[in-house]
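The values are calculated or read from the model by the stated rules, or taken from the named source; none is laboratory data. As the structure is a computational prediction, the values presented were derived from the model and not from experiment. Reconstructed Cβ throughout: ideal geometry from the backbone, glycine too, with neighbour counts over all protein chains shown. We work out accessible area using only protein heavy atoms, side chains counted, and drop any ligands, DNA or RNA first. Shrake-Rupley method; radii C 1.70, N 1.55, O 1.52, S 1.80 Å.
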Amino acid sequence: MAFHWRIVHSRLGLFVFATFACLQFPATLQSCSRKQHDFGNISETQYSSNPRPISGAILVLYRMVHGFIDIIQPNPFPTDIVKTLVKNASELENKYQKVLLYEVGFIVCAVIGILFFLLMPLVGLCFCCCRCCGNCGGKLYQEQTKSTNCRRKTLAAILFLITTVILAGSICMFVSNEKATESLQDSGNLLGDSLGNLKTYLNAIPKQIRAITDASAVPINSVTDNLDNIGLDLGVPILKKLGETTYDALNSASQLAQDITEMNDKLLLINSTAARLLQQQEVLEQNLTAIRQNINNTLNKCGSQCSSSQGLVANLTLSANFSTVPNMDKEIKAMKQLVKADLPFFVQEGYKAFNDTPALLVNQSASAMTEIKKSIKDIETQIKNITNEFPVLTSITSVSSEIDNINTSMNKYLPQVQQADKYRWIVGIVLSCIILLVVLCNYLGMLLGATCLNPNVDPTERSLFSNCGGNLFMAGASFSFIFSWLLMFFVFIMFIVGGNVYSLVCKPWYNDELFQNIENSGLTANLNLAQSFGLKNTTLSISNVYNDCQNNTPVWKVLKLSQTFNLDEYLDLSKYTGDISSEFDSLNINLSGIVLLNDKGKKIVNDLLKTGINDLNFTSISKQLRMPLIQGELLYTAEKLQNLSKEVSDPIKTDLSRNAASLKELNNWIQNNMVPNIGKLKENIENLQAKTSQIEENVNATLSHVNSAQTFLHTKSSDIIKNESKAFLECQLDTFHSYVSWTKIMITENLARCRPVAEAFNSAEAIACSYLLDSFNAFWFSLGWSTIFLIPSIIFAVKLAKFYRRMTTSDVYENSDPQFEM
């Protein structure tokens with residue numbers, strides 16, 4: 001039993017090792033893998049919302065102002081004039097014609113404004129004196145004609161339209177005045193948000209660079225893990241490659257070991273089965289002889305009635321002889337010793353020794369792996385140096401400080417500006433109310449005059465309300481004379497300032513030409529943008545930087561960092577990868593200690609030929625196995641006896657029936673006991689003969705395969721190890737190359753996309769121009785058109801007043817008489 005368990009255990013161990021050898025490789029081959037590593041991405045920075053564009057009906061007014069200023073000043077940006085002003089302001093005296101030519105539109109409007117400013121008080125004074133003298137409509141007499149009513153209505157309609165235009169201007173003044181205050185109140189928060197966005201952008205640059213360099217942990221950890229698992233990642237592929245030859249030899253030896261065990265088992269089964277058949281043969285012969293003798297005795301007693309059946313059992317004799325099985329004691333003993341030598345154990349040792357190649361690789365490469373890991377640490381340090389040496393980072397702190405200073409100054413002076421804006425707002429309200437006062441006088445005058453005037457009443461008898469309406473017209477005209485010159489003065493000042501600021505700053509800013517104009521005019525001659533960012537050997541244009549940022553270009557391209565910072569130098573890992581390659585080239589894995597089948601195992605294989613099992617001759621026993629056990633048919637004889645018993649009487653009848661039953665019982669015993677053993681013996685002999693016929697060939701082939709595989713291990717393993725090591729190394733280096741490529745893309749194409757910078761400037765433009773300046777310009781534009789329309793308002797108000805005021809001299813017009821009666 002112990003011996004049998006040892007055989008089972010050896011088979012199980014052999015099966016486990018063979019299974020391990022055959023199944024493990026597909027899952028682990030080149031497990032370092034050339035997969036795409038996820039290095040992450042640069043996180044998106046959250047920014048505050050930018051100022052919303054102007055919308056609504058006020059936008060129509062702003063466009064009217066822009067159109068008016070564009071008509072007044074159609075000339076392009078005065079680059080030459082500004083350049084001369086920057087270089088030497090005194091030279092402008094020699095180029096005043098250029099200045100006048102550029103400002104000709106403003107000059108013309110200014111002359112008109114000055115003439116209005118000077119003439120309106122003078123004309124008002126003259127008009128007042130003229131009225132006092134009874135002229136210019138001062139005489140309270142109105143000639144009554146056929147067209148008086150028509151003239152009155154026409155004058156009223158014209159004055160109504162003029163007053164409505166003035167009212168529209170007054171409403172626009174109120175709206176733009178309020179809009180300017182609201183914009184200034186909101187500008188503090190909007191500018192603070194814009195500066196905050198700019199600072200957030202600057203602070204995000206170091207974080208993004210750090211995120212890129214920190215991503216180096218992905219390839220470094222990956223390669224380090226692969227080095228730590230070199231037994232699996234490199235040892236197993238080597239084992240797989242060597243196993244293409246080696247496992248055939250080991251499998252051949254394993255199969256031979258299995259054949260030895262099977263032949264031994266078959267030999268033992270043949271011997272035991274033959275012995276059992278020989279015993280059964282003796283029992284069969286005894287029983288058959290006794291039955292045959294009983295049948296003959298019964299037939300003799302039967303006499304003449306059974307004379308025809310006297311020779312019925314003569315052929316019931318044994319024909320097979322199982323004593324012809326050859327003596328196999330010598331072979332059984334030899335095979336027992338061979339099995340006891342345990343060839344599966346030595347094959348299992350060969351499997352184990354060969355499958356320990358990954359562990360052997362780990363042990364022999366330990367020092368090299370240590371050096372390689374040091375080189376990997378150097379790679380990490382090299383990459384981390386980008387964070388310390390990257391340009392712009394040193395200047396971010398100073399730029400952030402300047403932003404903080406601007407923000408502090410803005411918070412400091414903004415309350416004062418907002419306080420001053422309150423006074424401006426009051427002035428704007430006062431000016432708007434002056435215009436509104438004239439409008440109210442005109443509208444009230446028309447209302448009272450139109451509702452209270454009776455056209456059929458004598459002019460000297462007009463109602464008090466009608467007379468009051470006429471006086472309101474004269475009051476409106478008086479207010480117009482009194483305040484129009486002052487209103488024009490404010491229009492003049494605001495027009496000159498606001499119009500030129502729009503033309504010189506906001507208009508080119510709207511058209512994305514401001515920075516280019518500033519640079520071309522030399523205003524930035526003393527500003528070295530590259531030096532401000534700590535960049536050397538680089539020339540930066542503000543306009544180019546702004547345009548690039550409008551397109552959300554990364555900072556690497558915007559600031560031309562490639563001219564200052566050699567990124568390839570910091571990402572050049574050839575020195576370290578060269579060291580790693582050298583370490584791998586110096587790997588010397590010695591597999592000479594691997595023995596696939598030792599001398600004891602080979603001796604067992606050779607001893608198989610000495611067992612004599614291949615010389616066993618089973619010809620005679622095979623011939624006996626093909627013969628029937630008994631020459632006659634037991635069942636046929638039993639049937640004959642049964643039929644004969646029907647023809648005779650007792651006691652012969654009973655004896656014949658009993659003899660027939662004995663034959664049937666004997667036949668059943670043969671079928672149940674001897675026939676299965678005969679079949680088993682026949683099958684085992686055939687299997688054993690099939691095995692023994694190829695013993696010599698299998699032994700020689702196994703020894704040849706084992707010796708060839710052993711030679712292959714000693715001669716070719718070093719080349720295979722080098723090739724697989726090279727493939728493993730390339731796999732690791734590919735990881736670093738992928739990271740380097742990713743880093744270059746991130747830094748040159750994704751790092752710090754500078755649209756937030758352009759948005760900050762756009763926000764400043766929106767606040768300064770769209771919110772504040774446009775509101776300011778809309779105010780003086782509305783004030784200007786209202787003031788200009790005061791002139792026709794005066795004229796038509798004075799003319800219309802006489803149609804409503806009470807006259808002192810009567811003039812009656814009779815419809816039936818063309819004559820006038822004084």
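Observations, loosely collected:
- The set of residues in segment 735-758 that are open to solvent by 10 Å² or more (accessible area, probe 1.4 Å), in contact with a Cys (Cβ under 9 Å, 6 or more places away or on another chain) and assigned to a helix (DSSP H, G or I) comprises 755, 756, 757.
- So residue 729, is it in a helix (DSSP H, G or I), farther than 30 Å from residue 602 by Cβ, open to solvent by less than 50 Å² (accessible area, probe 1.4 Å) and touching a residue at least 60 places away in the same chain (Cβ under 8 Å): yes
- Condition check for residue 694: open to solvent by 50 Å² or more (accessible area, probe 1.4 Å) and on the phi < 0 side of the Ramachandran plot: yes
- Against the criterion of being farther than 30 Å from residue 194 by Cα and in contact (Cβ under 8 Å) with a residue 12 or more places away in the chain, residue 330 qualifies.
- One residue from 184, 159 being crowded, with 19+ Cβ neighbours inside 10 Å, touching a residue at least 12 places away in the same chain (Cβ under 8 Å) and over 24 Å from residue 48 (Cβ atoms): 159
- When residues of segment 641-656 are limited to those that are over 26 Å from residue 280 (Cβ atoms) and either buried (at least 18 other Cβ atoms within 10 Å of the Cβ) or under 60 Å from the mean Cα position of the chain (by Cα) (or both), the one modelled with the lowest pLDDT: 648
- When residue 95 is tested against (1) basic (Lys, Arg); (2) within 60 Å of the chain's Cα centre (by Cα); (3) outside any loop (DSSP other than H, G, I, E, B); (4) at pLDDT below 85, only condition (2) is not met.
- As a summary of the residue check, residue 809 satisfies the conditions (1) at pLDDT below 85; (2) open to solvent by less than 50 Å² (accessible area, probe 1.4 Å); (3) in contact with a Phe, Trp or Tyr (Cβ under 7 Å, 6 or more places away or on another chain) except for the one numbered (2).
- Among the residues of segment 589-615, those that are surrounded by 17 or more Cβ atoms within 10 Å (Cβ to Cβ) and of a type outside the set (D, E, K, R) comprise 589, 591, 594, 596, 597, 601, 604, 605, 608, 611, 613, 614.
- Residue that is farthest from residue 713 (Cα to Cα) [pool: residues in segment 628-640 that are in contact (Cβ under 8 Å) with a residue 40 or more places away in the chain and open to solvent by less than 70 Å² (accessible area, probe 1.4 Å)]: 637
- Residue pairs meeting the criteria (Cβ under 8 Å; at least 6 apart or on separate chains; first touching a residue at least 40 places away in the same chain (Cβ under 8 Å), in segment 392-417; second open to solvent by 50 Å² or more (accessible area, probe 1.4 Å)): 395/532; 396/203; 399/532; 400/199; 400/203; 403/199; 404/199; 410/191
A quick yes/no check of all residues on (1) within 30 Å of residue 386 (Cα to Cα); (2) in contact with a His (Cβ under 7 Å, 6 or more places away or on another chain); (3) free of Cβ contacts under 8 Å to residues at least 40 places away in the same chain; (4) surrounded by fewer than 22 Cβ atoms within 10 Å (Cβ to Cβ):
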residue	(1), (2), (3), (4)
231	no, no, no, yes
234	no, no, no, no
245	no, no, no, yes
251	no, no, no, yes
259	no, no, no, yes
266	no, no, no, no
280	no, no, no, yes
285	no, no, yes, yes
292	no, no, yes, yes
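- Qualifying residue in segment 370-391 (condition: under 30 Å from residue 761 (Cβ atoms) and of a type in the set (Val, Ile, Thr)): yes
Residue by residue, here is whether (1) within 24 Å of residue 387 (Cβ to Cβ); (2) of a type in the set (S, T, N, Q); (3) touching a residue at least 60 places away in the same chain (Cβ under 8 Å) holds:
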position: 546; (1), (2), (3): no, no, yes
position: 549; (1), (2), (3): yes, no, yes
position: 569; (1), (2), (3): yes, no, no
position: 581; (1), (2), (3): no, yes, yes
position: 595; (1), (2), (3): no, no, yes
position: 602; (1), (2), (3): no, no, yes
position: 609; (1), (2), (3): no, no, yes
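- Residues that are closer than 21 Å to residue 255 by Cβ and in a loop (DSSP other than H, G, I, E, B) within segment 567-621 comprise 594, 595, 596, 597, 598, 611, listed in sequence order.
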